[in-house]
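Asks: The following block contains the structure, expressed as structure tokens.
The values are calculated or read from the model by the stated rules, or taken from the named source; none is laboratory data. Model, not experiment: these values are computed from the prediction. Neighbour counts are summed over all protein chains in view; Cβ atoms, including those assigned to glycine, are modelled from backbone coordinates with ideal geometry.
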Amino acid sequence: MSRKHVLLVHTGGTLGMAEPDKRRLDLAPAAHLERLLSRVPELQEIANIDLIAPWNVDSSDIGPQQWQRLAQIVAGAFLGASEPIDGVVIIHGTDTMAYTASALAYMLRGLHRPVVLTGSQRPLEAWRTDARANLAAAVETATLALPEVAIVFGDKVLRGCRASKVDARIYQAFDSPNEAPIGRIGVSLDLDTQRVRAPGQLYLDDALGTGLMALTVFPGMDQSLLQGVALAAKAGLKAVLVRAFGTGNVPMTGTASLLPMVEKLAGLGLHVIVATQCPGGSAELDLYASGRALLAAGAISAGDMTFEAAATKALWALGHPEQTMRQWFFQDLAGEITL
Ligand code: ASP
């Protein structure tokens with residue numbers, strides 16, 4: 001079998017950071033990044049590697065513009081390169097990795113080859129780092145038949161649009177609470193081939209909209225402070241993603257009720273999307289009176305999507321007015337929702 005060719009795209013995050021002392025991490029200069037490959041010599045044994053670094057930032061500064069650029073880089077590598085690329089590995093900070101993975105899953109329609117995001121909790125240069133193993137596993141995954149955007153971290157290969165960062169310290173930093181990993185990393189790297197998505201015909205579909213805000217509901221939230229939310233419609237607000245209790249419930253009696261705000265927003269033609277604030281499980285708006293009232297007011301359920309998948313899907317849907325927000329949320333684009 002001929003050697004696979006993997007494109008490594010370094011975007012920043014802890015993996016490539018310098019650690020001047022044990023209590024501080026800094027973004028590293030370009031020269032440091034160039035040494036990156038030499039610290040993981042086994043990468044060259046797994047595949048032929050090309051390295052590009054379009055930017056080097058903390059992932060808190062990665063958003064829609066960078067998602068589009070990454071989607072364009074991946075599409076260019078898979079569709080346009082003179083020497084074919086078999087898989088792309090994106091080195092990314094862990095903080096917003098699940099958002100980028102979800103956004104890429106929507107923008108790379110009909111993906112036919114692996115796009116693997118990875119990073120680490122400690123820099124590559126640190127003693128007892130997790131970076132080296134994560135990077136090697138990510139490159140190996142990028143050589144397999146996995147036509148999906150995946151996150152490789154610790155001992156798991158996760159469907160990117162199902163994943164969340166679940167821990168800021170331990171080396172198993174990611175999980176996909178509503179779906180089993182699509183692969184396991186141990187002595188061998190095994191994909192659950194039965195559950196891997198079928199390859200399609202790749203095309204880039206990277207339009208994104210703006211005007212999304214999110215609201216986490218909690219007992220004691222002062223509804224009177226939300227009066228102004230409807231005014232934000234004038235400033236470009238188009239959709240509100242509500243992180244509700246349990247299966248999608250919100251306070252609905254007396255002055256604490258969220259319903260007047262939802263009705264007002266819906267009346268203005270804004271989208272109200274309701275997700276659960278539980279890490280696992282699903283918004284099921286027809287189960288309790290409160291959820292049913294939200295439905296009657298025009299709310300859209302995010303089902304069992306992660307918050308990351310729902311927020312990025314809403315942004316993607318705002319850029320795709322050929323269907324309504326409701327229609328997009330009733331459609332499974334990349335394995336992000338159970339219908
Ligand atoms: N703040 C870092 C980032 O997300 C954390 C990490 O990479 O783990 O860029």
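Asks: How many of the residues making up region 300-314 are within 12 Å of GLY335 (Cβ to Cβ), hydrophobic (A, V, I, L, M, F, W, C) and not in a helix (DSSP H, G or I)?
Replies: Adding up the residues that qualify gives 1.
Asks: So, GLN194, is that one in a helix (DSSP H, G or I) and among the polar types (S, T, N, Q) or not? Quick ask: steps written out before the conclusion?
Replies: Working: in a helix (DSSP H, G or I): no; among the polar types (S, T, N, Q): yes.
In short, no.
Asks: What residue, among those in region 11-53 that are within 16 Å of the ligand (Cβ to nearest atom) and polar (S, T, N, Q), is modelled with the lowest pLDDT?
Replies: Ranking the qualifying residues of region 11-53, first place goes to THR14.
Asks: Can you pull out the residues in region 98-149 that are aromatic (Phe, Trp, Tyr) and surrounded by 24 or more Cβ atoms within 10 Å (Cβ to Cβ)? Full working, then the answer.
Replies: First, pick out the residues of region 98-149 that are aromatic (Phe, Trp, Tyr): 99, 106, 127.
If the condition is that a residue be aromatic (Phe, Trp, Tyr) and surrounded by 24 or more Cβ atoms within 10 Å (Cβ to Cβ), then TYR99, TYR106 are the ones that fit.
Asks: Can you tell me which residue is nearest to GLU148 (Cα to Cα) among those in region 214-226 that are out of contact with any Phe, Trp or Tyr (no Cβ under 8 Å at 6 or more places or on another chain) and surrounded by 14 or more Cβ atoms within 10 Å (Cβ to Cβ)?
Replies: So the residue we want is LEU215.
Asks: Whether any residue in region 277-296 is within 25 Å of TRP67 (Cα to Cα) and at pLDDT 95 or above is what I want to check.
Replies: Looking for residues that are within 25 Å of TRP67 (Cα to Cα) and at pLDDT 95 or above, one finds at least one in region 277-296, hence yes.
Asks: Residues of region 150-175 being under 23 Å from PRO199 (Cα atoms) and surrounded by fewer than 24 Cβ atoms within 10 Å (Cβ to Cβ), which ones?
Replies: LYS156
Asks: Filter region 203-256 down to residues that are part of a helix (DSSP H, G or I) and among the basic types (Lys, Arg), then give me how many there are.
Replies: Residues in region 203-256 being part of a helix (DSSP H, G or I) and among the basic types (Lys, Arg): 1 in total.
Asks: I would also like to ask the following. For region 40-59, enumerate the residues that are more than 26 Å from the chain's Cα centre (by Cα), surrounded by fewer than 14 Cβ atoms within 10 Å (Cβ to Cβ) and touching a residue at least 40 places away in the same chain (Cβ under 8 Å).
Replies: Listed by number, the list holds a single entry, GLU42.
Asks: In addition: Just the residues that are buried (at least 21 other Cβ atoms within 10 Å of the Cβ), within 11 Å of the ligand (Cβ to nearest atom) and outside any loop (DSSP other than H, G, I, E, B), please, taken from region 60-97.
Replies: Result: ILE91, MET97.
Asks: Select from region 287-316 the residues that are in contact with a strand residue (DSSP E or B) (Cβ under 9 Å, 6 or more places away or on another chain), farther than 29 Å from ILE151 by Cβ and either touching a residue at least 24 places away in the same chain (Cβ under 8 Å) or surrounded by 24 or more Cβ atoms within 10 Å (Cβ to Cβ) (or both) and list them in ascending order.
Replies: Those that are in contact with a strand residue (DSSP E or B) (Cβ under 9 Å, 6 or more places away or on another chain), farther than 29 Å from ILE151 by Cβ and either touching a residue at least 24 places away in the same chain (Cβ under 8 Å) or surrounded by 24 or more Cβ atoms within 10 Å (Cβ to Cβ) (or both): LEU287, TYR288, ALA289, SER290, GLY291, LEU294, ALA297, GLY298, ALA299.
Asks: Can you tell me how many residues in region 98-131 are in a strand (DSSP E or B), without any contact (Cβ under 8 Å) to a residue 60 or more places away in the chain and more than 12 Å from the ligand (Cβ to nearest atom)?
Replies: Result for region 98-131: 2.
Asks: Would you check which residues across region 294-333 are among the hydrophobic types (A, V, I, L, M, F, W, C) and farther than 19 Å from GLY209 by Cα and list them?
Replies: Hits for region 294-333 are LEU294, LEU295, ALA296, ALA297, ALA299, MET305.
Asks: Spot the failing condition for PRO54; the list is (1) under 16 Å from GLY160 (Cβ atoms); (2) outside any helix (DSSP H, G or I), and only one is missed.
Replies: (1)
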